[in-house]
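*Asks:* For reference, the structure I am asking about is given below.
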Amino acid sequence: VKGGWIDLDRLMDRLGAMGLTSLLVEGGSRVIGSALSSGIGDKILFFYAPKILGGDDGFPICKGPGPASMSGCIPVKNISVHRFENDVMIEGYIGAE
């Protein structure tokens, strides 16, 4: 644990030593932000439901340090789109090709 949060780099090292090569990280904006900033991910899934919410107190997709402009953004590549009744899942890959 580092600063009250799981040390993701150490976790990945330990899981790798156990022979685990895949991990699903699911959580809120801070968990996703931590995973992205640590660079442990290579695949990302976005789920969209056809529902509209309003208000100024919404949650961002990820929280924490990160690029503030499009020039520094994390690109998502090799995108595929899947539909589940009215919901949509976008699957893509991040990081180096």
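Values in this text are rule-based calculations from the coordinates and carry no lab data. Please read all numbers here as calculations on a predicted model, not as lab measurements. All Cβ positions, even for glycine, are placed from backbone atoms using ideal geometry, and neighbour counts span all protein chains on display.
*Asks:* Go through (i) 143; (ii) 88; (iii) 100 and flag the label whose value is the computed volume of the Cα convex hull per residue in Å³ for this structure.
*Replies:* (i)
*Asks:* With charges only on Cβ, +1 for K and R and -1 for D and E, what is the dipole size of region 8-93 about its Cα centre, in debye, rounded to 20? Walk me through the intermediate numbers first.
*Replies:* Values: 8 positive and 9 negative charges, 31 e Å.
The calculation lands at about 140 debye.
*Asks:* Taking 0.36 nm per residue of sequence separation and subtracting the Cα-Cα distance, how much length would be gained by fully extending the chain between Thr21 and Val81, in nm to one decimal?
*Replies:* 19.1 nm
*Asks:* Relative contact order (percent) for the chain, with alpha-carbon contacts under 8 angstrom and 6 or more residues of separation? Provide the component values of the computation, followed by the final result.
*Replies:* Working: 99 pairs, mean separation 28.3, N = 97.
Contact order relative to length: 29 percent.
*Asks:* Can you give the angle from 0 to 90° between the axis of helix 29-38 and the longest principal axis of the chain, with both taken from C-alpha atoms, to the nearest 10?
*Replies:* 50
*Asks:* With each run of n ≥ 4 DSSP H residues scored as -39500 (n - 2.57), what mean residue ellipticity at 222 nm is computed for the chain after dividing by its residue count and rounding to the nearest 500 deg cm²/dmol?
*Replies:* Working: 2 runs with 20 residues, N = 97.
Using -39500 (n - 2.57) per qualifying helix, the result is -6000 deg cm²/dmol.
*Asks:* What list of ³J(HN,Hα) values in whole Hz, one per residue of region 52-65 in order, does the Karplus curve 6.51 cos²θ - 1.76 cosθ + 1.60 (θ = phi - 60°) give from phi, with Gly and Pro shown as x?
*Replies:* For region 52-65, the Karplus-derived couplings read 10, 10, x, x, 8, 9, x, 9, x, 5, 9, 10, x, x Hz, x marking Gly and Pro.
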